[in-house]
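Asks: I'd like to ask some things about the structure below.
A short reminder: the numbers here are calculations on the coordinates, not readings from a lab. Small disclaimer: the values here were computed from a predicted structure and weren't measured. Here Cβ is always computed from backbone atoms with ideal geometry, including for glycine, and neighbour counts include all displayed protein chains.
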Amino acid sequence: MRGRVRLLDSAAYRIAFASAGVFALANVLLGSVVYFAAHRAVVTQVEGQIAEDSRSLVAEFREGGARELHYAIRQREAGNTTNELVYAVYSPQGKRIDGAMDASPPPLGWSDMRFLDPIDGPDVGRALTVRLQNGSLLVVAADKENIERLDDIILSLFGSALLAILLFGAAAALLIGRYLEGRFAGVANAAQAIVAGQMQERIPIGPRDDEFDRMAATLNAMLDRIAELMANLRQVSSDVAHDLRTPLAQLRQQLEHSLAQPPDASAQRAVLQDACERIDDVLGLFAAILRISALEGSSRRAFAPIELEPFVTDLCEIYAPAVEDGGRGLAWSLEQGCIIEGDRELLAQAIINLLDNAQIHTPAGTEIAVTLASDAIAFHLSVADNGPGVPAADRARIALRFTRLEASRSTPGHGLGLNLVQAIVRAHGGHMEISDNAPGLRVTLAIPRA
């Protein structure tokens, strides 16, 4: 693996920094909205104060003329303080005839103007100009110092907040990036170990059960399944070679013996007939292996709804005469209303395999029982007998391919029956359980509800 990944080459860090950048941008946009809203609110407040005072002075002029207006302006200016309103009256010719504000006459209505404040000197203010009845202009203005001061405070606070956000965002991005890189590194390290041949390696799972832990658990389950399939493949390669060696060696020996004998049509025919039977046995072995491999390696088939009670009943009724002819009994007790999504052909094959096993590996007089029950999660189809059963130490391995116990060496078969049943029930999303029937053996297929 490469050394420490450079910061900008790491997707984890890029994602973390991008998230921090988006958060900072969102704060910039929010701060801009707050700034302009506060600025507009203060301007509106100042304009309201100017408009109210302007209306009051116009009313003074209407009641007492220019003399009353002059007195009202002087009275206001006498009590004026810094940043309060300033006033001016201009003649129709544009000459200032009243008020302390020194400036050129602004246009009618609202405007921003420069003037000489009698206290603060040159200043910029917001002004309202109205025309009086005698043609003169009344100007009421307020400097923008309050507005500018508020703007400066907001910008200062916003700048400090943005700097803090950027610093904390960068620190958070580094921490998040390091965390993500560490979680991804666990996946990469496990994958590299598996590529190197350490098939038992798994992705570490944390204690929080978060998205990464659930993903790791899913990937580990996938790796377990792959490891199981690979182990089965190795077992198949070994067991096929072992199981084919004996019949092929016997076939060759028989053919060589036949070739060494004088020509005899009837004897050669018997040899060829026996050879065909042995070849059919080998072909049956390969067919079973291919069927199991197809089930284990394929995705979910096109299933259809199956009502289990009539389906299993039909199979039991068909199979019952063969069981009874062998000196055994077959009974069934099936719960009604059990419906699953499944493949009728595969399920029939599984049930027939279980019935075959129960008949082949038990003595005459054995009772075989087929039951169907359900719970909130699954339907449970069981085939049980009261025969000799299977030792507890062997129950876990009799579902493996080519497993044949000593007691069944003399019976026909290749040890693939239960393995095929297990593959079928797994294809339906369920599992197979092998347990003691006390006495005898019980094999249960647990199939999830539809």
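Asks: Quick query: amide H of Cys338 versus all other amide H atoms, modeled in the peptide plane; which residues come in under 5 Å with a sequence gap of 5 or more or a different chain?
Replies: The answer is Leu308, Glu309.
Asks: Nearest 0.05, what FRET efficiency do Glu201 and Gln349 give at R0 = 35 Å with Cβ-Cβ as r?
Replies: Between Glu201 and Gln349 the formula returns 0.45.
Asks: Rg and Dmax of the range 62-184, using alpha carbons, in Å: what are they?
Replies: Spelled out, the Cα radius of gyration and Dmax of the range 62-184 are 25.2, 86 Å.
Asks: Take the Cα atoms of the range 304-448, build their convex hull, and give its volume per residue in Å³.
Replies: 104
Asks: Place a +1 charge on the Cβ of each Lys and Arg in the chain and a -1 charge on the Cβ of each Asp and Glu, then give the dipole magnitude about the Cα centre in debye, rounded to the nearest 20.
Replies: 1300
Asks: If R0 is 25 Å, what FRET efficiency do you get for Asp436 and Asp375 from their C-beta distance, rounded to 0.05?
Replies: After rounding to 0.05, the efficiency reads 0.75.
Asks: With springs only between Cα atoms under 10 Å, which of Ala287, Ala173, Ala260 fluctuates most in a Gaussian network model of the chain?
Replies: Among Ala287, Ala173, Ala260, the largest mean-square fluctuation in the Gaussian network model of the chain belongs to Ala260.
Asks: While we're looking at this one, here's another question. Once amide H atoms are placed 1.01 Å from N in the peptide plane, what residues at a sequence separation of 5 or more from Gly326, or on another chain, have their amide H within under 5 Å of its amide H?
Replies: Amide H neighbours of Gly326, under 5 Å, 5+ apart: none.
Asks: Name the most mobile residue of Phe379, Phe23, Phe61, meaning the one with the largest mean-square fluctuation, in a Gaussian network model of the chain with Cα contacts below 10 Å.
Replies: Among Phe379, Phe23, Phe61, the largest GNM mean-square fluctuation belongs to Phe61.
Asks: Do you know the relative contact order of the chain, to the nearest whole percent, from alpha carbon pairs under 8 angstrom that are 6+ apart? Present the calculation step by step, with values, prior to reporting the outcome.
Replies: Values: 561 pairs, mean separation 45.5, N = 450.
The normalised contact order for the chain reaches 10 percent.
Asks: Residue separation times 0.36 nm, minus the C-alpha to C-alpha distance between Glu84 and Arg114: what's the value?
Replies: Going from the current span to full extension adds 9.3 nm.
Asks: Taking only the alpha-carbon atoms of the range 299-369, what semi-axes of the equivalent ellipsoid follow from 5 times the gyration tensor eigenvalues under a square root, in whole Å, largest first?
Replies: So the three semi-axes of the range 299-369 are 26, 14, 9 Å.
Asks: By how many nm would the segment from Arg252 to Asp264 grow when fully extended, if each residue of separation counts as 0.36 nm and the alpha-carbon distance is taken off? Don't skip to the end; give the middle numbers.
Replies: On the way: separation 12, 0.36 × 12 = 4.32 nm, distance 1.84 nm.
Answer, rounded to one decimal: 2.5 nm.
Asks: Which value in deg cm²/dmol, rounded to the nearest 500, describes the helix-derived mean residue ellipticity at 222 nm for the chain, given -39,500 (n - 2.57) per DSSP H run of n ≥ 4 and division by the residue count?
Replies: -20500 deg cm²/dmol
Asks: How large is ³J(HN,Hα) for each residue in the range 195-201, as worked out from phi by the Karplus curve 6.51 cos²θ - 1.76 cosθ + 1.60 (θ = phi - 60°), to whole Hz, x for Gly and Pro?
Replies: Residue by residue, the range 195-201 yields 4, 6, x, 8, 5, 7, 5 Hz.
Asks: Could you calculate, for the chain, the ratio of the Cα radius of gyration to the Kirkwood radius, expressed as Rg to Rh?
Replies: Ratio of gyration radius to Kirkwood radius for the chain: 1.49.
Asks: Only Cα pairs within less than 10 Å get springs; with that Gaussian network setup on the chain, which residue of Thr371, Thr129, Thr313 has the largest fluctuation?
Replies: Among Thr371, Thr129, Thr313, the largest GNM mean-square fluctuation belongs to Thr129.
Asks: Round to a whole angstrom and tell me the spacing of the C-alpha centers of the range 160-215 and the range 86-109.
Replies: Taking the Cα centre of the range 86-109 as reference, the centre of the range 160-215 is 71 Å away.
Asks: Could you order peptides 203-211, 337-345 by the average number of other Cβ atoms within 10 Å of their residues, highest first?
Replies: 337-345, 203-211
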